[in-house]
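Structure first, commentary second.
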Number of protein chains: 2
Amino acid sequence: MPMAVPSTLYLVVLFLVILPAAKSQRNQPMRLRFGKKGEFKILQVADMHYGDGKATPCEDVLPSQLASCSDLNTTAFVRRMILAEKPDFIVFTGDNIFGFDATDAAKSLEAAFGPAIASNIPWAAVLGNHDQESTLSREGVMKHIVGLKNTLSRVNPSEVNPIDGFGNYNLEVGGVQGSAFQNKSVLNLYFLDSGDYSTVPGIFGYGWIKASQQFWFQLTSANLKRAYMSKPLPQKSAAPGLAYFHIPLPEFSRFDASNYTGVRQEGISSPTVNSGFFTSMVESGDVKAVFTGHDHLNDFCGALNGINLCYAGGFGYHAYGKAGWPRRARVVVANLEATSNGNWGTVKSIRTWKRLDDEHLTAIDAQVLWSKTSVGGHDINV
Amino acid sequence: MPMAVPSTLYLVVLFLVILPAAKSQRNQPMRLRFGKKGEFKILQVADMHYGDGKATPCEDVLPSQLASCSDLNTTAFVRRMILAEKPDFIVFTGDNIFGFDATDAAKSLEAAFGPAIASNIPWAAVLGNHDQESTLSREGVMKHIVGLKNTLSRVNPSEVNPIDGFGNYNLEVGGVQGSAFQNKSVLNLYFLDSGDYSTVPGIFGYGWIKASQQFWFQLTSANLKRAYMSKPLPQKSAAPGLAYFHIPLPEFSRFDASNYTGVRQEGISSPTVNSGFFTSMVESGDVKAVFTGHDHLNDFCGALNGINLCYAGGFGYHAYGKAGWPRRARVVVANLEATSNGNWGTVKSIRTWKRLDDEHLTAIDAQVLWSKTSVGGHDINV
């Protein structure tokens, strides 16, 4: 069953209208924006696999670590990352809780997101394939998340209805306050529900991003592009976008060690069918990087058709991993171009690195994901 | 550019409403329905490649045929097929004209569809990758087709806007007049524009079916399924569907000689990206077979995830082919189940065969595509 459609309608007709509420939202202050140094930093936390906290043991750690290890090590790692990186925004890309081992989904979610909530840094989350295995359904989990403090998560957009999944939304990141771009979104963030498992007879394996979600993504991307390329300060092409979801796309399998940064230590657990979201993103042209979790032992980024496909690597301690191979997190930083009048313009570059949960939170695999002046593909925005 | 969105809208919001006109359309007589013998027969004509008629020479025919061969041989073949099979409906799956060699697109289209128009049999067409190469754009070609006599072709649905392409529509086939199913669509036909060529930087090759079209397909499929499973005579699952378009899906490459019927004499010229339409059809669950053209030397049907992927084989004489390997057409027949009261019920089986343009219009490769009582997959409707 691809979509839930109101049962009394024979023909569902979609009308194009201007929603006044949505329009007026444009006049509200940007909830996310670049800082005074022309930088916006995102911390990605993948697969926390939170259970019940202190009572929930760790998996795949060294024998010396095992006795004292629990979900609280996951909590401590989130806190250390926040202190070390001081991100502007935190994204949790699913399997936030490991539902089978969480006695109470709401409490487990609150504990898992606790350090983010306490930091007063805005944060967002999407669902993985394990979040619904406790006392709340996928819809219930997403609705609970949306009600937590400091989150910018949303359940679903009003623009496309019906839409598959729970947790499809986008966020705009405004230019520096006081700069010419303070009222324009210069960086766009997309969040999607990649599902849990196939419910289609004859197709086994993990879920996928459906046509309804892709239609919403393309509509949203087209609208953002139009706004960015319109007055005031009309730009020549779309603002760069980043997409966050849980399950890697089939296209993550297209790389070998010669063309990615990071490691691939297990298979790519994408769905067994291709639902076309990679193609939809290439069509729309604004997304420069995709960030997923799901495969804890893979942490690479590889570029295909101008889009970086990136894993974060496993973060949580109550999740399969590899003893001696540290848990890790991914950081993404976008930097603005300095303008000739000493102010800030649009995004100049997007970089990434990872940090390991070792004594020094060692940073590894720093790389440029996108640059306004890069040659090749359709990234030439000079 | 994935979609054309009205430029004055910042946020496009799609609303679910009941369109009275669409609803009342249900009360109009079915334009297509099964005949008194409980049968509905569709003739598929792929790749006519019509040019200017008598002056346009043939390609890849035997030296003995060359001197007297022109587009008129294509016309004669359409006429012979109509006389031999007496189809209830004719579908032209694109490259109806070979635009480069058609001086006047409108005239070429009228000549190409001439035998169908003259037969008074309802017909429909979709676009290929060559139809727009003459004096009309893709939109112009589709609009011209829609205005021709006896066609049930439509430009685009009102349900999803914006939608990519021109020629996305569906047709319902009603049960036998006077039977209990006379006001139910027991067979659903989908027509889609598979595009011409990629317009996306970095992606070469042929076009593909976009997310907007798939969203429309899934909405339509869900609505048809709901109506079929509702009173009166609520059915247990969706009515079978058939999909017609020009360019084969990437999944056509999944077969080898051991699991298809017919021949594969050239590569599968699908787009170089997978846009997910096969997955969308498997999700919706009603489409039992897909019929394309485009590769003139392939004429096979193979089944994957319960969906038959079928070529028709090349039909037109001003099109590449293989000398000595006859031009051909595909026929599909759906038969209804006889009910205990001596009337007709829902679709029992869907069969196909091809006919060659030889002296006897030899029929080959007869096979059952779907049967209500077939075991395996989700086809068990008993």
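Laboratory data are not the source of any read-out in this text; all were calculated from the coordinates shown. The shown structure was predicted, so the numbers you read here are calculated from the model rather than taken from an experiment. Here the Cβ is made from the backbone with ideal geometry for all residues, glycine too, and neighbour counts use every protein chain on show.
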- Nm distances between the label at B:Lys36 and the same-position labels in the remaining copies, 7 Å along Cα→Cβ, shortest first? 8.9
- When we measure straight from the Cα of B:Lys322, which lysines land under 23 angstrom away, once same-chain ones fewer than 8 places off are left out? B:Lys54, B:Lys354
- Item | Highest-first arrangement of A:344-355, B:232-243, A:241-252, B:359-370, where packing means the average Cβ count within 10 Å | A:241-252, A:344-355, B:232-243, B:359-370
- Item | Förster radius 51 Å - calculated FRET efficiency between B:Ala55 and A:Ser237 (Cβ-Cβ, nearest 0.05) | 0.65
- Please arrange A:Phe300, A:Phe217 by counting, for each residue, the other beta carbons lying within 10 Å of its beta carbon, fewest first. A:Phe300, A:Phe217
- Message: Relative contact order of chain B, please, whole-number percent, based on alpha carbon pairs below 8 angstrom and at least 6 residues apart.
- Response: 18
- Item | Antiparallel DSSP beta bridges within the range A:34-371, as percent of all bridges there, nearest 5 | 65
- Using a 10 Å cut-off on Cβ to Cβ distances, tally the other chain neighbours for every residue of B:283-293 and report the average as a whole number. 2
- Item | Peptide A:268-278 - average C-beta neighbours from other chains (10 Å radius) | 5
- What's the exposure ranking of B:Thr151, B:Thr93, going from fewest to most Cβ atoms within 10 Å? B:Thr151, B:Thr93
- the range A:200-273: Rg/Rh from Cα coordinates, Kirkwood Rh? 1.11
- Lysine pairs with alpha-carbon atoms under 16 Å apart, the range B:101-254, spacing 8 or more or separate chains: 6
- Query: Taking the DSSP beta bridges in the protein assembly as shown as the whole, what percent of them are antiparallel, to the nearest 5?
  - Reply: 65
- Going by average Cβ neighbours within 10 Å, how do the peptides B:290-299, B:170-179 rank, with the highest at the top? B:290-299, B:170-179
- Task: Mind jotting down the distance between the C-alpha centroids of the range A:143-164 and the range A:51-81, whole Å?
- Result: 30
- With a cut-off of at most 14 other beta carbons within 10 Å, and DSSP calling the residue loop, which trypsin sites (Lys or Arg not before Pro) in the range A:110-199 qualify? Please list them. A:Lys149
- Query: Residue of B with Cβ nearest the axis relating B to A, plus distance in whole Å?
  - Reply: B:Gly276, 1
- Binned at 10 Å starting from 0, the alpha-carbon pair-distance distribution of the protein assembly as shown in whole percents comes out as 3, 14, 22, 23, 18, 12, 7, 2, 0
- Task: Convert each backbone phi in the range A:297-307 into a coupling constant with the Karplus relation 6.51 cos²θ - 1.76 cosθ + 1.60 (shift: θ = phi - 60°), then list the ³J(HN,Hα) values in order as whole Hz, x for Gly and Pro.
- Result: 9, 10, 9, 8, 10, x, 9, 9, 6, x, 10
- Ranked highest first by the average count of other Cβ atoms within 10 Å around their residues, in what order do B:107-113, B:262-268 fall? B:107-113, B:262-268
- Message: I need the inter-copy label distances for A:Thr135: point set 7 Å along Cα to C-beta, values in nm with one decimal, smallest first.
- Response: 7.4
- Message: How large is the translational diffusion coefficient of the range A:295-373 in µm² per second when you combine the Kirkwood radius over alpha carbon pairs with Stokes-Einstein at 37 °C and 0.692 mPa s?
- Response: 230
- Note on the structure: One decimal, nm, nearest first: from B:Thr103 to the same residue in each other copy, label points 7 Å out along Cα→Cβ, the values are 8.7
- Please give the FRET efficiency for A:Gln177 paired with A:Thr362, using the beta carbon to beta carbon distance and R0 = 30 Å, rounded to the nearest 0.05. 0.30
- Using the Kyte-Doolittle scale, find the helices of chain A whose mean hydropathy is at least 0.5 and whose Cα atoms extend 20 Å or more along the helix's long axis, counting only whole DSSP H runs. A:105-119
- Task: Rank these for me by crowding, B:Leu66, B:Leu152, going from fewest to most other beta carbons within 10 Å.
- Result: B:Leu66, B:Leu152
- Item | Shielding by other protein chains, B:196-208, mean Cβ within 10 Å | 3
- How many times 2.2 N^0.38 Å is the alpha carbon radius of gyration of the range B:35-371? 0.95
- Message: Give me the one-decimal nm value for the distance between modelled label points at B:Gln265 and B:Thr373, 7 Å along each residue's Cα-to-Cβ direction.
- Response: 3.8
